Structure formats: structure tokens, C-alpha cells
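The values are calculated or read from the model by the stated rules, or taken from the named source; none is laboratory data. Not measured: the values here are computed from a predicted model. Cβ sites come from the backbone with ideal geometry, for glycine too, and all protein chains shown count toward neighbours.
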Amino acid sequence: MRKNTLRLLFCIVAVITTGCSVLQPQKGKTASTETKKPSKSKESIKPYNEVITKKAKTDEGLFAVHSLDDKYYYEIPDSLLNREMLMVTRIAKTATGIGFGGGKQNTQVLRWQRKNKQILLRVVSHQIFASDSLPIHEAVENSNFEPVLYAFPIKAFHKDSLDTSKNATVIDVTNLYKKDVKALGLPDSRRKQFKISKLDDSRSYIDTLRSYPLNIEARHVKTYNAANPPSNTSTGSISLEMSNSMILLPKTPMKRRYFDQRVGWFARGQVDYGLEAQESKTLRYLDRWRLEVRDEDMDKFKRGELVVPKKQIVYYIDRATPKKWRTYIKQGIEDWQVAFEEAGFKDAIIAKDPPTEEEDPDWSPEDVRYSVVRYLASPIPNANGPHVSDPRSGEILESDINWYHNVMSLLRNWFFVQTAAINPEAQDVAFKDEVMGRLIRFVSAHEVGHTLGLPHNMGSSVAYPVESLRNPEFTKKYGTAPSIMDYARFNYVAQPGDGDVALMPNIGIYDKHAIRWGYRPIHDQTAEGEKKTLDSWILKHQNDPMYRFGRQQFGVIDPSSQTEDLGDDAVNASTYGIKNLKRIVPNLIKWTAEDGKNYDDLGTMYRQVLGQYNRYMGHVSSNIGGVYEYFKTYDQEGAVYSHVTKTNQKRAMKFLHEQLFTTPSWLLDKNIFDKIESAGNVERIRNFQVRTLNNLLDHGRMARLIENEALNNREAYTLLDMMTELRTGLWTELRNGRTIDVYRRNLQRAYIDRMEFLMTKEQPKIPENIRRFVKRTNVNASQSDIRAVVRAELNTLRRNVRNAIGRSSNTMTRYHLQDIVERITTILDPKK
């Protein structure tokens, strides 16, 4: 009785303070019904054998993955809870216009965490950091709270009374892959591009979930409703297969090696708040394989002997690769052994055939323990070498080189247009297997370089004097560039009669230097302590151009760091290149001929000639307003940035007038046109000329010319110099009344159009999706000297054109000049 009284009093107090449901039964229910035990929830934790029944199919690995009745379960060992794992999201199979197979979409670090009756999948960030021994570490942790990507109700526990290390938690992961979890699917940029509204669950499904010792591979098909699909538009949707690789990160991260911009390397950054500097600082460190000396070989290594690393870098060749090309791909991989010898290792990188299905039915290229050269049946004429690395240390965990079938057509076209003038082996559209094999070996070595951590070194080829590329002895020793990571494709400089010159680069001096700098172990030193030694290795070769790194540019400012160029003088090298193109054009019909075949190959090779010619124009024009970039530190003398000399800029302008703006009649071969097209050559020449003309009359280039004059006075090639030489060169017919042909008329109109653009428009904005790649000089046109100079040039030109009209006896020329006067007047006096 006393207990009941106390309980009643407690409830009365509870009603006053919070309300008590015991005294407020719901309508239609008696108080007695409220005291019944609740029914067992569907989400309650069940015995293991009720969830993972005997019907389940199980794949053992990092986690046990169970499939049962269209559901997939992870059995997560307790030992792996809170361990960091890397999730890499790629497009595995795609539709036309949506990237390419293997294209990486997202990378993030995850951890599985148990919280009450749930498993939380949390996203871990390593972008900011402070040592856990420092007071600021707590503040960093509070600013770096790990968001929850997904929450899973626990379905069951697996208990092992004999071995507690086998205890595990079971969750249903079906919806993680079947539903629209954005981090594991298409990124926002793609969704906006294709106007995706939502995921269609009815047309989305899990294809496979496989578990390997160190990773779990998920393949799932996603179908999105899209208002702007790039292909198959009648469906109003996009379907593609996504791949998610979840990789266990090492318990102990590899020792970092810190980045230096004087040696090209793929690197990642982390903001460190624990440094003694009075500001946070981004520390960048290299992506590289973990190459270590075995304990038993340490004395040999210290004596300078080559040793085999604890764990070699091994690449397997995809079973789908045609047998006749496998040897060449392997050679390209193992060509890097000479570079690793500079780092103190022998047999550091090895190429192998995969085991047959009979030898190892479980072997898979998706297993993170294996790096594979993947041969893909794709029309993409390319190859690439992505890698997966530990964001905490930069350790490369795995790499797959994607080799697309049509890369061989790309190689054929490059080799033909750049060497056929001197190389009989290239004077056909079907190369011998040994010739194609050598080209495959070259590309294989280049792509492997990327997987080792090396980016493109576009500043490499400028190390060689142009004339040396015509020397058989020099090129046999050094190749066409000091680095195979440059786009110094094939030797277009060499001329007939030069002898047996080398036609392509090999693993060069720079490559060996970079691999030594990045991979040679420095024992008994911390990552910070290594810096002094690493710096000394750079300074030892600081004045040798063969050891220079020049980054790849998207929007060329430094003319010494360009793609596809050769030698230290773009004018000289391009002049030789054009001489060879002039030898190729008259032979195109003969070198592409085959009875019973149409003229498609002739059209392809003619377009290759045009493309190569256009590259030469780009190489040369980049010198005008160009600024060299040579990375240095405080302990080195000289400037990092310096303007191209006045002499070289004037030579470049003279070259453009002679080789491009004066109609290149040697390209206008009627015999070729009669076989490949009904019309188009006039417009084609206009396009080439206008592209370079607009490139010259670029806001950023003009701003650099203005700045050059402000800094260097009379030593500078000024904006007035360029504008005067450009105008007088483009309008030479005005001085003597010569007839202006259709090609020149088009060019002159393009000049007027570009001048109008400069007078009326500001510098175009860089699209958001490429802004981080493109470097340019920004300028406010209306507040710079640009419009004043443009106005003066147009006034001068209008005066000269008016004076020339009466001297012309050609009707079309006269009409053209009258039209020019009207166009200029409209620009300068738009109200008239």
C-alpha cells in the first residue's frame, strides 16, 4: 500500500513538471492495454543464425560479405571497427559522353564505428592536423568533427567463445549501394551538367559485392532521371555502373617525404596547426610506393651496393591484352629499373603475366594487392596511369594503368606525321609489329612513370640544343629529351641525310634524378630531418637544364615548358618541322594508297599534318609576351620569373608572318582536296590563322607586354612593338596596291573582329570546372593601356586603308577595303 501511494505521489509530481502518460490513456485504449509489453521491434538485434542463414552465400575477406534474398550483409570484425579505410569511387562502365571507364569520381577516408545499436559509417578528414601531444590538438579535433555518411541498424552479433578476435557485427548494406548515396555515385558537377533530378530505384541494383584480404569491391548500376542526358536521349535517363573500392589503410603510416617544387611529383597537402610558425601552414608530401631496405641488406645498402627491396613494385598484364603486345608493355614497365638503381635498388619494379584461371581461380585485377595494366576495348585513343594512395602518408597502395585499344591509332598518327620525312618505317598507315611494339613500349614507360608518382615534366625538352637533335651520336645517348615524362614525342627536327638519329626519348637523366630524390631511403632521419639531404641533391645539379622540372601549363605563359615541343629554340625547331611537313604532303597519296580502299586514311593523315603545323605556331607564338618560370629557393641565385628577350620575341613575330599569316600555299594541295572533301580548305586556313591571331591579341599576353616595359624599359619587347609589327605584317598589300586574295581577306577581317573585341569586351571568365587548372595573367582592359593602343592602331589602319583604296585595280580587293573602313568606323564611332 505504501509503495502504491509513493508511486501515485511521484506521478502527480511528474504531471505537474513534465506530464505523465500513465494517467492519460489514449482514446479507445484502457489503462490496462498500456501496461502490456511492447511487441518485438523489426529492427531488434537477432541471433546470428536467424540473420545469416544456411542459404546465405559468403565471400570471405576483409569483411565477410553475405548475400541472401537480394540483400547484402557485412560482417565487420571488432578488430576493424575504427580502423581507417579508403573508399575510391570510379565509373566502371559508362555511356557515350559520360567520362570513361576507370574515371575516378571521389576519394574519401571512412571508418566504421559502433554507437549503441547502430554502426555508423563516418567520413574522416586529414586536411588539418596537429600532433596529439600539443594543446591545440583538441581544438583541431573539435574543428574536424567526422560527419556520418550512413547509419546501419545492427542486425546480429557473431560471438566466438573460443576466439574473441573473431567477434563481429552484422549489418545490412544493401541500401548503401542501391540508394542514392551521393558520395558513392555521380558527383554534383555531373548531376548539374546532365540536369539529374533523382535516382530511379526501380532501375538501380547491386551487381556484385566481393571481398578480398585488404579490400572490398562493390559494383552497382545507377540509373538517374536526367533532363539533359549526353546520349540515348529518348530514355530521359542515364545508366552507368559505379565501382567502389574500400581499402584498409596500414596501421602504421609510411614515413612521409616532403614535396619540393623543383622536382616534379604528385603530392598531397595537409594544414598543420601545430608548427611553431605564427600561422597555419600547408605541408605537402609525395605520393610514392613504400620501398624499404631489408634488415639483412642494410649494411650492403650503406656500402653502396644495390639491394632488392622488402616489397617489389609488381605489375601484372591483363589477360585481355593481345599476346603480341605483352612483351613490349612489360619492357616499358621494367625500363624503370635503371632509375631505381639510382635510388639504391635492383629489381625494384617487375612485370608479370597473371596466373591462369586454372592456376589461381580467385585471382582478380580488382584485388588491391595487385597492380594491373588493364587492356580496355574502348575507342578512346589514350592511356592513363592513376593510382590509389594513403592520404595520411602518400603511400601508393595500388595502381592500374588503363590501356585503351585505340591508343595505337594515336601512336601511328603521331609517328607518321613527325618522322615519315626521314623514316621509311613510318611511310605507311600500317606499321610492322616491331615498330608498333616499340611505340607501345614508349607509352607504357611514360604511363608507369605516372604511377610511380611523376607528373609531366614539360620543361625537360628545352634542355637540348635544337641542332643536337640532328646528331645521331647525341640522340642515341640522350634520346629526344632528358625525361620520358615530357611530351617530347618523336624527333620532328631531324632532316633527311642526318643519319640514324634517335626518334624518341627513353628513361632519361631527369627521370633517374627524380626517382633517386623521391625513393632513395634516408635512414635515421625524420621526414623533417631529410630535407637538408634532399635539398643538397637538388643544388648539386641546379645549373644543369637536364635536371630541370617545368610544370604542365593549361594556358601557356612559360614558353620553355610546353607540350609536344623539342629543343631550346622554338623558331628553329619549328622551321625544321615545317620543312619535313613540306616533304610529307606531296607523298601523302602514295603513302596511304591501297587498292580497293577509300581515301579515309588520306584525310586522316592530312589532318594530322595540319594539326602538327598548328602546334608549331603555338610553340612559337607563346614566346611573345612569354615569362620563363624556373623554380628556386633562397639559397639559389637568380630570378624565378624572367621575360623572354626582345630579340626572341621579334624573331617569333617574324616567323608567324612568314609561316602562317602569309598564306601557307604548300598546304593547299588540290590533288588531296579532290579526294577527301567537296569544300572546306579556305575555312580551314582561316581557322588556323585566326586561332593564333586571337592567341596573340589576348588580354593576359598584352598585360605581360605592358608589365615587361614597365620593368625593363628599352630592353623590353613592348605592346606597341607587337601591335605595330602585327598591323604592318597583316596589311602589307596597302603599301603597293597588290591584290588581296581570299585567305588574306579573311585574316584581315578576323583582325578587325578581334580589335573590336578588345575595344568592347573584358577578359573572358574562366569556367568554374577548369579554373584550378588554368593559369593566366588577369587584367582590367578598360583601365589598362590596351584600349588606348587598340584605338590608335585602328585609327592608323583606317587612314592607311583609305589611302590604298584608290591604288587597287582589283574589284574584290577594293570592296574589301571599303568594307574595312566601315567596320573600323563602326567600332570607333558606334553612334554614327
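At a glance:
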| quantity | calculated |
| --- | --- |
| Any strands (runs of 3 or more DSSP E) falling wholly within the stretch 43-98 and containing at least 2 residues that are farther than 15 Å from Phe152 by Cβ | 57-59, 64-68, 84-93 |
| Yes/no for Leu186 being within 29 Å of the chain's Cα centre (by Cα), among the hydrophobic types (A, V, I, L, M, F, W, C) and outside any strand (DSSP E or B) | yes |
| Residue within the stretch 582-597 that is closer than 23 Å to Asn413 by Cα, within 25 Å of the chain's Cα centre (by Cα) and in contact (Cβ under 8 Å) with a residue 60 or more places away in the chain present | no |
| Asn810 being farther than 19 Å from Glu725 by Cβ and surrounded by 13 or more Cβ atoms within 10 Å (Cβ to Cβ) | yes |
| All positions within the stretch 630-662 that are more than 18 Å from Asp558 (Cα to Cα) and among the hydrophobic types (A, V, I, L, M, F, W, C) | Phe655, Leu656, Leu660, Phe661 |
| Hey, Ala679 small (Gly, Ala, Ser) and either within 32 Å of the chain's Cα centre (by Cα) or closer than 24 Å to Leu566 by Cβ (or both) or not | no |
| Test set (1) in contact with a Phe, Trp or Tyr (Cβ under 9 Å, 6 or more places away or on another chain); (2) modelled with pLDDT of 95 or more; (3) surrounded by fewer than 20 Cβ atoms within 10 Å (Cβ to Cβ); (4) of a type outside the set (D, E, K, R) - Pro424 fails condition number | (1) |
| Test: residue in the stretch 670-685 that is among the acidic types (Asp, Glu), touching a residue at least 12 places away in the same chain (Cβ under 8 Å) and either outside the structural domain of Asp741 (by TED's automatic domain parsing) or under 18 Å from Gly729 (Cα atoms) (or both) | yes |
| Boolean, Met298 is within 26 Å of the chain's Cα centre (by Cα), among the aliphatic types (A, V, I, L, M) and modelled with pLDDT of 95 or more | no |
| Residue that is in contact (Cβ under 8 Å) with a residue 12 or more places away in the chain, out of contact with any strand residue (DSSP E or B) (no Cβ under 7 Å at 6 or more places or on another chain) and outside the structural domain of Phe194 (by TED's automatic domain parsing), where the choices are Gln312, Gln337, Gln331, Gln270 | Gln331 |
| Qualifying residues in the stretch 813-832 (those that are basic (Lys, Arg) and surrounded by fewer than 13 Cβ atoms within 10 Å (Cβ to Cβ)) - the one farthest from Leu758 (Cα to Cα) | Lys832 |
| Some residue of the stretch 496-506 being within 20 Å of Gln337 (Cα to Cα) and among the aliphatic types (A, V, I, L, M) | yes |
| Some residue of the stretch 483-496 being surrounded by 18 or more Cβ atoms within 10 Å (Cβ to Cβ), hydrophobic (A, V, I, L, M, F, W, C), outside the structural domain of Pro309 (by TED's automatic domain parsing) and not in a loop (DSSP other than H, G, I, E, B) | no |
| Unmet requirement for Thr223, which otherwise passes all of (1) out of contact with any Ser or Thr (no Cβ under 6 Å at 6 or more places or on another chain); (2) within 30 Å of Tyr72 (Cα to Cα); (3) β-branched (Val, Ile, Thr) | (1) |
| Failed condition for Thr282, given (1) assigned to a loop (DSSP other than H, G, I, E, B); (2) within 25 Å of the chain's Cα centre (by Cα); (3) modelled with pLDDT under 95 | (1) |
| Leading residue by the ranking (surrounded by the fewest Cβ atoms within 10 Å (Cβ to Cβ)) among those in the stretch 780-807 that are charged (D, E, K, R) and part of a helix (DSSP H, G or I) | Arg799 |
| Leading residue by the ranking (modelled with the highest pLDDT) among those in the stretch 353-399 that are in a loop (DSSP other than H, G, I, E, B) and aliphatic (A, V, I, L, M) | Val368 |
